[in-house]
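> Take a look at the following structure, please.
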Amino acid sequence: MPAFICSACGTQYPPSEASPLACPACTDERQFVPTSGQSWTTLDELRKAHSNKFRRLAKGITTIETTPAFGIGQRAILAQTSSGNVLWDCIALIDDATVDLLNGMGGVSAIAISHPHYYTTMGEWSHALGGVPIYLHAADRKWVMRADPAVQFWEGDTKTIGPNLTLIRLGGHFDGGTVLHWADWNEGRGVVLSGDILQVVPSGHVSFMWSYPNLIPLSAAKVERMAKILEPFAFDAVYGAFSGRNQIDENGKQIVAASVARYIARINEK
Ligand SMILES: [Zn+2]
Ligand SMILES: [Zn+2]
């Protein structure tokens with residue numbers, strides 16, 4: 001039986017004879033069902049028409065993106081850290097070439113995902129990479145559409161997954177919205193891999209939304225809370241979920257603070 005994948009968002013469902021009736025990730029108010037309707041594919045079909053490209057984004061940071069683009073169009077990131085290689089976020093397509101390349105780069109010791117839009121085929125990735133753990137925040141447990149024994153739910157605001165690697169739950173876009181802080185990246189400059197939780201925007205700032213495609217913002221109180229949780233962490237770079245928009249290579253801490261201030265000034269305007 002095929003494990004169907006939603007063509008709009010990339011979420012994979014458990015094996016079934018017929019395709020699911022709907023995709024809860026798409027019918028959620030944060031997303032949308034395409035005007036052409038919900039459609040489905042499988043990994044076998046995806047592999048026939050797509051492949052993944054690897055690009056070195058910065059020292060120790062490699063992006064993995066599907067071409068032609070599929071689903072939401074996000075990228076996964078391989079972070080080659082002193083405590084092992086972490087796959088940050090996930091994309092739907094996994095194929096033999098991707099596994100060969102990742103193994104050639106030293107393999108993957110853990111997968112961590114910012115929020116449910118990027119859960120996609122996470123179980124397939126874990127199995128192909130040796131059954132590595134997948135760290136997800138427990139607040140988003142109900143959004144796991146295909147359960148997998150590799151998934152390890154964590155609770156609270158932080159989880160250390162290596163000596164200099166911390167998952168930080170900021171919430172916002174999703175209750176369990178998480179970023180990865182890598183403290184000793186690039187001679188201790190520090191980097192935040194931010195997914196959609198701090199959304200890197202064209203001006204070179206970050207912004208915050210409950211729904212990005214439907215333009216539903218977060219309250220000032222929510223964004224203030226996110227900033228407060230992030231406050232103890234030092235970092236220079238911020239890399240989000242999309243290529244070709246912008247990236248923050250330095251002064252990330254100050255830029256995030258300025259981004260929070262300008263967001264709150266605008267959303268509080270009377
Ligand atoms: Zn969907
Ligand atoms: Zn999202």
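Readers should treat all values here as calculations from the given coordinates under stated rules, not as data from a laboratory. Remember, it's a predicted structure, so these values are computed and weren't measured experimentally. Virtual Cβ from ideal backbone geometry, glycine too; neighbours counted across all protein chains shown.
> What percent does the relative contact order of the chain come to when contacts are Cα pairs within less than 8 Å and at least six residues apart? Don't skip to the end; give the middle numbers.
Details: 567 pairs, mean separation 37.2, N = 270.
It comes to 14 percent, rounded to a whole number.
> Could you state the number of Å between the C-alpha centres of the stretch 26-101 and the stretch 229-260?
Cα centroid to Cα centroid, the span is 22 Å.
> Ok, one more. Going 7 Å from the Cα of residue 216 along its beta-carbon direction, which residues of the stretch 91-135 have the amide nitrogen within less than 18 Å of the resulting point?
115-118
> For every other residue with a beta carbon closer than 15 angstrom to the beta carbon of residue 85, add +1 if it is Lys or Arg and -1 if Asp or Glu, then tell me the sum. Can you show the working numbers first?
Details: positive: 56, 59; negative: 89, 100, 184.
Local net charge: -1.
> With point charges of +1 on the Cβ of Lys and Arg and -1 on the Cβ of Asp and Glu, referenced to the Cα centre of the stretch 162-270, which listed residue (252, 235, 203) lies farthest in the positive direction of the dipole?
The Cα lying farthest towards the positive end belongs to 203.
> For a footprinting-style exposure proxy, rank 105, 209, 226, 1 by other Cβ within 10 Å, fewest first. Numbers along the way, then the final one.
Numbers: 105 13, 209 18, 226 24, 1 8.
Fewest to most other Cβ atoms nearby, the residues stand as 1, 105, 209, 226.
> Something else about it: Could you calculate, for the stretch 129-270, the ratio of the Cα radius of gyration to the Kirkwood radius, expressed as Rg to Rh?
0.97
> Within the set of other residues whose C-beta is less than 15 Å from the C-beta of residue 62, count the net charge using Lys and Arg as +1 and Asp and Glu as -1.
Result for the local shell: +2.
> For a Förster distance of 45 Å, can you work out the FRET efficiency between the beta-carbons of residue 201 and residue 16, rounded to the nearest 0.05?
0.70
> With runs of 4+ DSSP H residues as the only contributors, calculate the mean residue ellipticity of the chain at 222 nm using -39,500 (n - 2.57) per run, divided by the residue total and rounded to the nearest 500. List each step's numbers first, then the result.
Working: 7 runs with 58 residues, N = 270.
Value at 222 nm, helices only: -6000 deg cm²/dmol.
> Determine the shape class of the chain: with a ≥ b ≥ c the square roots of the Cα gyration tensor eigenvalues, call it rounded for a/c under 1.5, and otherwise prolate if a/b is greater than b/c, oblate otherwise.
Details: a/c = 1.68, a/b = 1.23, b/c = 1.37.
Note, shape of the chain comes out oblate.
> Over the stretch 119-178, one equal point on each Cα, no solvent: what is log10 I(q)/I(0) by the Debye formula at q = 0.17, 0.18, 0.26 Å⁻¹?
-0.59, -0.66, -1.14
> Taking the Cα centre as origin and putting +1 on Lys and Arg beta-carbons and -1 on Asp and Glu beta-carbons, what dipole magnitude results for the chain, to the nearest 20 debye? Before the final figure, lay out each step's value.
Values: 22 positive and 25 negative charges, 121 e Å.
Using only the charged Cβ atoms, the result is roughly 580 debye.
> What ³J(HN,Hα) values, in whole Hz, does the Karplus curve 6.51 cos²θ - 1.76 cosθ + 1.60 give for the stretch 260-267 when θ = phi - 60°, with x put for Gly and Pro?
Result, ordered by residue: 4, 4, 6, 5, 5, 4, 6, 6 Hz.
> Could you give the length gained by full extension between residue 268 and residue 187, i.e. 0.36 nm per residue of separation minus their alpha carbon distance, to one decimal place?
Full-extension gain reported as 25.3 nm.
> In terms of modelled amide H atoms, which long-range or inter-chain residues lie less than 5 Å from the amide H of residue 4?
Long-range HN contacts for residue 4: 13, 16.
> Sum up the charges of everything whose Cβ sits under 14 Å from the Cβ of residue 205, counting Lys and Arg as +1 and Asp and Glu as -1, but leave residue 205 out.
Summing Lys and Arg as +1 and Asp and Glu as -1 gives +2.
> Restricting to the stretch 52-140, what percent of DSSP beta bridges are antiparallel, rounded to 5? Walk me through the intermediate numbers first.
Details: 15 of 20 bridges.
Around 75 percent antiparallel, to the nearest 5.
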